[in-house]
Amino acid sequence: MDFIDYYKTLGIDKSATEGDIKKAYRKMARKFHPDVNPNDKAAEIKFKEVNEANEVLSNPENRKKYDKYGKDWKHADQYEQAGRQQGYGGGGNQQQNPFGQSYQGGGNQESDFSDFFGSMFGGAGGRRGNPSKFRGQDFNAELKLNLTEVYKTDKRTLTVNGKNIRLTIPAGVSDGQEIKIKGYGADGVNGGPKGDLNIKFNITNDTLFVRDGKNLYKTLDINLYTALLGGTITVDTMNGQVKLKVAAETQNGVKVKLKGKGFPVYKKEDEFGDLYLTYQIILPKDLTDQEKDLFVQLSKLKTS
Amino acid sequence: MTKENYIPVATLCTFYKVEMSLIQDLDDNGLIKIIQIENAPFIHEDLISPLEKMLRLNQDLHINASGIDTIFNLLNRFEDMQKEMKTLRSRLRIYENQ
């Protein structure tokens, strides 16, 4: 394990008093607390580091060991090590932890695992004379898919906490979208209802299209002659190729809309967005002498 | 109204080791909703997650109910802005590719 400079983590020097440590820790905690930095992994990591530093430095015994042994301070006393392992995250003494509840970091707060329900799972409910019913814990999962995979409704089997769950992924789901599957979380306590399964989609674009909601966008190269004289080109769409007529004298940057060739609309069967193509006219290169002559003639015709 | 899906505030106070006055304060600020069932205060189970977040802010960072309300409002605005930024980024990609 690499040496972590806890003093540096808290932004204090080695001569800091207990008061300085407390002050520095509180300032850092306010800045990096995961509840005020939602979906910020970097802040979450920093918060854990700050907590770990505080747990060590706020305890005079541990601080002394840390100052003496550096990164090996944990091995200075096996008994203390056993005590520290009861702590959370990077290992700390729960009694030194100023946080009454352990934090369930990241994600959607509304769907975080609840300490309260978690405790009930631990058996607290069973100790009561008249046990209360509690809803089961919510499960959170992230599903990585490619854009082509969400073009059509797909069936998947997910394994969440050892359970296989058959899932229908409706076509048109968006990147970052979350769906809640009611009753697919953990079992309730004392006959309480089951929790929910929250799935967040992480969609990677594996196509040449740019997706904005239900519409797709693409820049399409066409040659000069087709642009000038018009013609028919073959265009790739998400569901195969289509033939497209290019009007004569099409200008560079012109946009055309292919109605219904975009992305499916989420949970709206057979409804699709549009595909917008922007023409980019490619000028010919490596002209032959004959071609050059012809272009010269053309330019003379235009200027005369 | 039945007790199903509702948790007694007294149970929550014991579990989280918080004073009833704090829960009442959160209710007064419109952050949670306490309902009375058979003359005892209860909270719906769906509010447990946000309540835990409020209690963490209170216990970890010493923020009172008004402060928590302010933070929640700012976080909501922050979330809206993040969504908007994501949409705008997605739109920007269309023009970057041209």
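Some values worked out for this structure:
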{"read-out": "Cβ-derived FRET efficiency at R0 60 Å, A:Asn205 paired with A:Glu291, nearest 0.05", "value": "0.95"}
{"read-out": "Scattering curve values for the stretch A:6-84, log₁₀ I(q)/I(0), Debye with Cα scatterers, q = 0.13, 0.24, 0.25, 0.27 Å⁻¹", "value": "-0.42, -1.07, -1.12, -1.20"}
{"read-out": "Cβ neighbours within 10 Å from other chains - mean over B:8-17", "value": "2"}
{"read-out": "Karplus-derived HN-Hα couplings along the stretch A:50-57 (A = 6.51, B = -1.76, C = 1.60, θ = phi - 60°), whole Hz, x at Gly and Pro", "value": "4, 5, 5, 4, 5, 4, 7, 6"}
{"read-out": "Where the Cα pairs of chain B fall when distances are cut into 10 Å bins, in %", "value": "14, 37, 22, 13, 9, 4, 0"}
{"read-out": "Sum of -39500 (n - 2.57) over DSSP H runs of 4+, divided by residues of chain B (222 nm, nearest 500)", "value": "-21000 deg cm²/dmol"}
{"read-out": "Alpha-carbon centroids, the stretch A:278-292 and the stretch A:214-249: separation in whole Å", "value": "18"}
{"read-out": "Charge tally in the Cβ shell below 10 Å around A:Leu147, where Lys, Arg are +1 and Asp, Glu are -1, A:Leu147 excluded", "value": "-2"}
{"read-out": "Surface/4 of the Cα convex hull for the stretch A:210-282, nm²", "value": "4.6"}
{"read-out": "Highest to lowest packing among B:54-67, A:154-167, scored as the average C-beta count within 10 Å", "value": "B:54-67, A:154-167"}
{"read-out": "Violating pairs (Cα-Cα greater than 18 angstrom) within the set A:Lys41/A:Lys74; A:Lys214/A:Lys261; A:Lys218/A:Lys261; A:Lys144/A:Lys180; A:Lys152/B:Lys86; A:Lys8/B:Lys53", "value": "A:Lys41/A:Lys74; A:Lys152/B:Lys86; A:Lys8/B:Lys53"}
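Read the figures in this text as sums done on the coordinates, not as results from a lab. Predicted model, so just to flag it, every value in this text is computed and none were measured. Here Cβ is always computed from backbone atoms with ideal geometry, including for glycine, and neighbour counts include all displayed protein chains.
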